[in-house]
Amino acid sequence: MHKRYLIAGNWKMNGLKADLEEIAQTEKGAANATCDILVCPPSTLLPICIERFGSGKIAFGGQDCHAQTSGAFTGDISPKMLKEAGASYVIVGHSERRQYHHETNTDVKAKAEAALTAGLTPIICVGETKEQHEAGKQFDVVKTQLAESLPASQEIVIAYEPVWAIGTGLTPSSDDIATMHNSIRDFIGNDSIRLLYGGSVKGGNAKEILNLPNVDGALVGGASLKAKDFLEIVKAA
Ligand code: PGA
């Protein structure tokens, strides 16, 4: 089966209108790309992205959503709002949400279910911390996260992102990524769910990572902010 990769950019809390030029350049540079491309900008830019680039090759998504459709949740955004703005995906359970907003697996599962109900594909993030990695607990940690965070639906994407590799320039060895992705695949027992790797993916390591078994794409933070860097990864796919 020919693999169609998903290369997803997570802009995090970065991006003003002037940065839309990077998306324009990505679109131009990716005209012949054979992978799916997703950009998750800050919510403020989502409607403008859809207006300017929505009919092109790049899909857009949210970076988080609430589990409720509406209500008294100051500062939150609902999956229905993201859907209406033109999003097709939403990241849930990113380690930065788990860490800084104390989101639990139960929260992540509720968000993923709400996203599905709104017609969005959730990208559910899992991954161990540095301490858990050093203690050799990564497989147990990720299995627990999967068991408790995944909704019943198969219309999801999973991103394995070791927390210690995010924004640090460090990546696990290829063997370690492959072993983890194989173990996630065994656990979910489904070939059609895409498994992304995330954590310091860049032009220089994308090809090697994407060639590993059971790696179906990448979730890219820092290197998704500049079209030049992001396109190197898109081209590797
Ligand atoms: P990074 O971030 O590519 O900057 O390491 C990845 C992520 O947080 O999704």
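Only the coordinates and a few stated rules stand behind these numbers; no lab work does. Just so you know, these numbers come straight off a predicted model, no measurement behind them. Reconstructed Cβ throughout: ideal geometry from the backbone, glycine too, with neighbour counts over all protein chains shown.
From the list Asp191, Asp186, Asp216, the one residue that fits, being crowded, with 21+ Cβ neighbours inside 10 Å and within 22 Å of Ala152 (Cβ to Cβ), is Asp216. Taking the condition touching a Pro at 6+ places or on another chain (Cβ under 8 Å) and either among the hydrophobic types (A, V, I, L, M, F, W, C) or free of Cβ contacts under 8 Å to residues at least 24 places away in the same chain (or both), does Cys40 pass? Here the answer is no, as Cys40 does not meet what is asked.
Which residue out of Lys3, Lys28 is part of a loop (DSSP other than H, G, I, E, B) and surrounded by fewer than 21 Cβ atoms within 10 Å (Cβ to Cβ)?
Being part of a loop (DSSP other than H, G, I, E, B) and surrounded by fewer than 21 Cβ atoms within 10 Å (Cβ to Cβ) holds for just one of Lys3, Lys28, which is Lys3.
Across segment 31-49, the qualifying residues are those that are surrounded by 22 or more Cβ atoms within 10 Å (Cβ to Cβ) and within 16 Å of the ligand (Cβ to nearest atom), and the one among them that is nearest to Lys235 (Cα to Cα) is Ile37. Remark: pairs (first residue in segment 198-219, more than 15 Å from the ligand (Cβ to nearest atom); second residue assigned to a helix (DSSP H, G or I) and of a type in the set (A, V, I, L, M, F, W, C); Cβ separation under 8 Å; 6+ apart in sequence or on different chains) = Lys207/Ala236; Leu212/Ile177; Leu212/Ala178; Pro213/Ala178; Asn214/Ala178; Asn214/Ile184. Return yes when Ile58 is surrounded by fewer than 24 Cβ atoms within 10 Å (Cβ to Cβ) and more than 21 Å from Gly217 (Cα to Cα) and no when it is not. Answer is no for this residue.
In this structure, does Asp76 turn out to be within 14 Å of the chain's Cα centre (by Cα) and closer than 21 Å to Asn14 by Cβ? So Asp76 does not fit the description; no. Here Ala8 meets each of (1) under 19 Å from the mean Cα position of the chain (by Cα); (2) surrounded by fewer than 21 Cβ atoms within 10 Å (Cβ to Cβ); (3) under 18 Å from Gly221 (Cβ atoms) with one exception, condition (2).
The set of residues in segment 77-108 being assigned to a helix (DSSP H, G or I), surrounded by fewer than 21 Cβ atoms within 10 Å (Cβ to Cβ) and either basic (Lys, Arg) or away from the ligand (no atom under 16 Å from the Cβ) (or both) consists of Lys80, Met81, Lys83, Glu84, Ala85, Arg97, Asn105, Thr106, Asp107.
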